[in-house]
Amino acid sequence: MEEQVNKLHRKIIEHCTASFFTKQAARMLSTSEELDLYVQAGFDHFSRGPLDKPFNFVEVAIRNNPIPDDFTSHIVQLAILMLPQFSNSAGGGEELFAKLSYMVASCIVLNCTLKLKGIYL
């Protein structure tokens, strides 16, 4: 019995480690606050509904962080996600928007060009 428990433990550790590195490579590691949201949502899901219905992580992620409807909201959301990378630098938010401006300008030019050609996304 102990051998089976140890084998199961090694498999769990192996798969958790692989999952960690996959999420780290995709920059999708959860914070403790996000993990708490998923645990609570999972608890609510399984305590209120049938146990054979799978838990939908994507539904919870979209509910807690909805997809923006317009370009402005996308840019603001991108800036919020990037801000921690610039908060310790001397320029802070000013440096962030200076670097972000090139990408935003490219998006606007691309959108104008597509509309001139009659292509609407």
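The values are calculated or read from the model by the stated rules, or taken from the named source; none is laboratory data. Not measured: the values here are computed from a predicted model. So basically every Cβ, Gly included, is an ideal-geometry build from the backbone, and we count neighbours across all protein chains shown.
Of everything in the stretch 45-57, what is assigned to a helix (DSSP H, G or I) and without any contact (Cβ under 8 Å) to a residue 12 or more places away in the chain? Give them in sequence order. Scanning the stretch 45-57 gives His45, Phe46, Ser47, Arg48.
So which residues in the stretch 16-60 are of a type in the set (Gly, Ala, Ser), more than 19 Å from the chain's Cα centre (by Cα) and at pLDDT 90 or above? Spell out how you get there, then give the answer.
Let us first name the residues in the stretch 16-60 that are of a type in the set (Gly, Ala, Ser), namely 18-19, 25-26, 30, 32, 41-42, 47, 49.
This time we only want the ones that are more than 19 Å from the chain's Cα centre (by Cα), so: 47, 49.
Across the stretch 16-60, the qualifying residue is only Ser47.
For the stretch 1-44, name all the residues that are not in a helix (DSSP H, G or I) and not charged (D, E, K, R). Working first, answer last.
The initial filter retains those residues of the stretch 1-44 that are not in a helix (DSSP H, G or I), namely 1, 26-31.
Correct list: Met1, Ala26, Met28, Leu29, Ser30, Thr31.
Summed over the stretch 58-72, the residues that are out of contact with any Gly (no Cβ under 9 Å at 6 or more places or on another chain) and either among the aromatic types (Phe, Trp, Tyr) or in a helix (DSSP H, G or I) (or both) give a count of 8. When each of Gly91, Gly118 is tested for being of a type outside the set (Phe, Trp, Tyr), at positive phi and modelled with pLDDT under 85, the lone residue that passes is Gly118. Just one of the listed residues (Ile108, Ile80) is assigned to a helix (DSSP H, G or I) and over 22 Å from the mean Cα position of the chain (by Cα), and it is Ile108. Kindly check whether there is at least one residue in the stretch 96-111 that is surrounded by 11 or more Cβ atoms within 10 Å (Cβ to Cβ), of a type in the set (Val, Ile, Thr), at pLDDT 85 or above and within 26 Å of Met28 (Cα to Cα). Checking the stretch 96-111: at least one residue is surrounded by 11 or more Cβ atoms within 10 Å (Cβ to Cβ), of a type in the set (Val, Ile, Thr), at pLDDT 85 or above and within 26 Å of Met28 (Cα to Cα). Can you pull out the residues in the stretch 42-92 that are closer than 18 Å to Leu29 by Cα and of a type in the set (A, V, I, L, M)? Those that are closer than 18 Å to Leu29 by Cα and of a type in the set (A, V, I, L, M): Val58, Val60, Ala61, Ile62, Leu78, Ile80, Leu81, Met82, Leu83.
Do we have Asp36 as under 30 Å from Ile119 (Cβ atoms) and of a type in the set (D, E, K, R) here?
Working: under 30 Å from Ile119 (Cβ atoms): no; of a type in the set (D, E, K, R): yes.
Taking the combined requirement at face value, the residue does not satisfy it.
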